[in-house]
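Here is the structure we will look at.
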Amino acid sequence: MERDNAISEIEEKDLKQLQQILKSVFNNDITYEKIKDLYKISSNNKEIYVLGYYIKDKLVGTVTLNILTLLSGKEATIWNLAIAEEYRRLGIATKLMNRAEELVKQEDVKRIWLFSGSHRKCAHELYKKLGYDENRDKAFVKQI
C-alpha cells in the first residue's frame, strides 16, 4: 500500500531515506548503524515514536517523539524535526508536529519539551507559531 501525503511510524525499509534526511538537515555524520539502533529501540518501545511524512511512498520528513513518565506525571520531548529541502514550506513540519501532539494528548502528557539547535532560526519561528514558548523554561546541556 502506497503512503501518499501520509504520516506513519518509520519502517525498516525507510532507514536509508531517514539517514539521508537527518544528514542533510543537521549536517552530521549519523551512521546507518545508529539509525538501525534507533529503529530497533523505538520499534520495541511504546514511548518512542519516529514519525515519517511520505509523498508517493517516499520519506520526505521526520520527527522523533519520546514520552517520559516522571513523578510529576507524563511529559514528552520532541527531537529531530527534519524536512528534505525540496519539500520545505509545504506544511509538512506543521503536520508532523500536530501528529506528535495528538499522540501525547492520547497519553495524557502535560508538557512537551522541544529541543532545537540555536542556529535553526526558521524552525524556531515555526515552533513559536505552533505555540511553543522559548522563554518559559531553560534547558542546560552537558556533553558526556
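Since every read-out is calculated from the coordinates, none of them should be taken as a lab result. Note that the coordinates shown come from a computational prediction; the quantities given were computed from them, not determined experimentally. Cβ placement follows ideal geometry from the backbone for every residue including glycine, while neighbour counts extend to all protein chains displayed.
Applying a 10 Å radius around every beta-carbon, put 63-69, 113-119 in order of their mean neighbour count, most first.
Order by mean packing, descending: 63-69, 113-119.
Set the bar at 29 Å for Cα to Cα. Now go through K95/K138; K23/K110; K105/K129 and name every pair that lies beyond it. Write down the numbers at each step before the final one.
Numbers: K95/K138 26 Å; K23/K110 32 Å; K105/K129 19 Å.
With Cα atoms farther than 29 Å apart: K23/K110.
In debye, nearest 20: dipole of the chain around its Cα centre with unit charges on the Cβ of K, R (+) and D, E (-)?
On the way: 25 positive and 22 negative charges, 75 e Å.
The calculation lands at about 360 debye.
How far is helix 32-43 tilted, in degrees, relative to the longest principal axis of the Cα atoms in the chain, given as a value from 0 to 90 rounded to the nearest 10?
Value to nearest ten degrees: 60.
What order, most packed first, do the peptides 14-24, 37-47 have when packing is the mean number of other Cβ atoms within 10 Å of each residue? Intermediate values should be presented prior to the final figure.
On the way: 14-24: 17.3, 37-47: 12.8.
By packing density, highest mean first, the sequence is 14-24, 37-47.
Can you find, among I55, L68, H119, the residue farthest towards the positive end of the dipole of the chain? Put +1 on the C-beta of Lys and Arg, -1 on that of Asp and Glu.
H119
Given bins 10 angstrom wide, list per bin the percent of all Cα-Cα distances in the chain, short to long.
10, 41, 38, 10, 0
Which whole-number percentage describes the relative contact order of region 6-129, with Cα contacts under 8 Å and a sequence gap of 6 or more? Could the numbers behind the result be given before it?
On the way: 172 pairs, mean separation 27.0, N = 124.
Dividing the mean separation by the residue count of region 6-129 yields 22 percent.
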